[in-house]
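Below: the structure, in structure tokens.
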């Protein structure tokens, strides 16, 4: 492999490490919204340095009314199922890309 190949490989790895968190966040967002239809983010007030409160936004991993429920295991199963279905779709797209991209318009 010549020096140009190494530069390209390093560029590809940097691009991968930059885009991977964004792609994972997008997949989680789509799966949460598709399962529950509710808000994807929730805000929580926390106590910070010197006792000063601040607001933090987080991905919602439970149902909207989770404190009222004894357990939220059914919602977790829905998220996992949506994520597995989405990954299966990606695998199908990858295996059929020659059929999809070879169609002439």
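Just so you know, in the range 83-105 the residues that are modelled with pLDDT under 75 and in contact with a helix residue (DSSP H, G or I) (Cβ under 8 Å, 6 or more places away or on another chain) include one that is surrounded by the fewest Cβ atoms within 10 Å (Cβ to Cβ), and it is 100. Taking the criterion of being at pLDDT 80 or above and surrounded by 14 or more Cβ atoms within 10 Å (Cβ to Cβ), the only residue of the range 41-71 that qualifies is 42. For the range 13-54, filtering for residues that are touching a residue at least 12 places away in the same chain (Cβ under 8 Å) and part of a helix (DSSP H, G or I) leaves 10. Among the conditions (1) surrounded by 10 or more Cβ atoms within 10 Å (Cβ to Cβ); (2) modelled with pLDDT of 70 or more; (3) within 15 Å of the chain's Cα centre (by Cα); (4) outside any loop (DSSP other than H, G, I, E, B), the only one that residue 78 does not satisfy is (2).
The values are calculated or read from the model by the stated rules, or taken from the named source; none is laboratory data. None of the values given here were measured: they were computed from a predicted structure. All Cβ positions, glycine included, derive from the backbone under ideal geometry; neighbour counts span all protein chains shown.
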